[in-house]
Amino acid sequence: MCIRDSHMGLLLAELEKLRQEWRREVVHPMLGPASLHVPLLSGGRQLFIYAGGCEARLECRTVPGQTRDRVQTRLKEILDDLGRRIENFQGRVEAILWQDGYEIDPGRPLVRKVLAAASAVRGEEARVIGHPWWEDSALLGAAGIETVILGPRGEGLHTEEEWVEVDSVIQLAEILHRSTVDWCGID
């Protein structure tokens, strides 16, 4: 989004209202609410000189059912409304990257086979969980390829000290082996 002068504060206030609206009204039963935040703002060249523009980069973590068109339309409505209320307000929306959300029915055979293998290997009942970030599973799902996301236990996702438990990597290998053998019908 590109905004002129000091109008960015007004836009940020409207984006906060949208974020709160999504928290209340755009909620997935497993993933929770859609989210929106503004991680990057830039504008101006010098102190004491009015900025010719200001840019906000938004991250919208959408949930299955939200579409690019609906999100962009809603953001454009906010800009249009501000443009009607505020003299010389100008702004535009440009999608830099969009990825659809993904979900798989927990009752699908692939999910059941992976859960059975995970339960057997770990010695406890495995369960289906969800997370709000995007993964390649959405690309595979859009191509009609069912996908289950599975990984080792660890901490520090996307930080300098990301790590996994070695034993869980070994368990993961066994879960993948058992799931594959079962899926392919190999004795």
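A few remarks follow.
- Cβ separations smaller than 8 Å between residues 6+ apart or across chains give the following pairs from region 156-175 residues that are within 17 Å of Ala126 (Cα to Cα) to residues that are open to solvent by 70 Å² or more (accessible area, probe 1.4 Å) and of a type in the set (D, E, K, R): Ser168/Arg153; Gln171/Arg122; Ile175/Arg122.
- Matching residues, region 37-59, being under 30 Å from Gly101 (Cβ atoms) and open to solvent by less than 70 Å² (accessible area, probe 1.4 Å): Val38, Ser42, Cys54, Glu55, Ala56, Leu58, Glu59
- Scope region 32-55; condition in contact with a Pro (Cβ under 9 Å, 6 or more places away or on another chain) and assigned to a strand (DSSP E or B); matching residues: Gly32, Pro33, Ser35
- The residues of region 103-133 that are of a type outside the set (Lys, Arg) and over 18 Å from Met30 (Cα atoms), listed by number, are Pro109, Leu110, Val114, Ala116, Ala117, Ala118, Ser119, Ala120, Val121, Gly123, Glu124, Glu125.
- Residue in region 84-100 that is surrounded by 16 or more Cβ atoms within 10 Å (Cβ to Cβ) and not in a loop (DSSP other than H, G, I, E, B) present: yes
- Test: Arg112 is farther than 30 Å from Val181 by Cα and modelled with pLDDT of 90 or more: no
- Selection within region 76-102 - of a type in the set (Phe, Trp, Tyr) and either under 24 Å from Leu31 (Cα atoms) or at pLDDT 90 or above (or both): Trp98, Tyr102
- Within region 5-36, being of a type outside the set (A, V, I, L, M, F, W, C) and open to solvent by less than 80 Å² (accessible area, probe 1.4 Å) holds for Asp5, His7, Gly9, Glu14, Glu16, Arg19, Gln20, Glu21, His28, Gly32, Pro33, Ser35.
- So Leu79, is it in contact with a Cys (Cβ under 9 Å, 6 or more places away or on another chain), over 16 Å from Asp100 (Cα atoms) and open to solvent by less than 30 Å² (accessible area, probe 1.4 Å): no
- Any chance Gly65 is closer than 22 Å to Ala138 by Cα and either basic (Lys, Arg) or assigned to a loop (DSSP other than H, G, I, E, B) (or both): yes
- Those helices (runs of 4 or more DSSP H) lying entirely in region 103-187 with at least 1 residues among the aromatic types (Phe, Trp, Tyr) and surrounded by 13 or more Cβ atoms within 10 Å (Cβ to Cβ): 166-184
- Subset of region 55-101 (residues that are of a type in the set (Lys, Arg) and under 16 Å from Leu36 (Cβ atoms)): Arg57, Arg61, Arg68, Arg70, Arg74, Lys76
The values are calculated or read from the model by the stated rules, or taken from the named source; none is laboratory data. Predicted model, so just to flag it, every value in this text is computed and none were measured. Don't worry about glycine lacking a Cβ; one is built from the backbone with ideal geometry, like all the others, and counts go over all protein chains shown. Note: accessible area is taken over every heavy atom of the protein model, side chains too, but ligands, DNA and RNA are not part of it. Shrake-Rupley method; radii C 1.70, N 1.55, O 1.52, S 1.80 Å.
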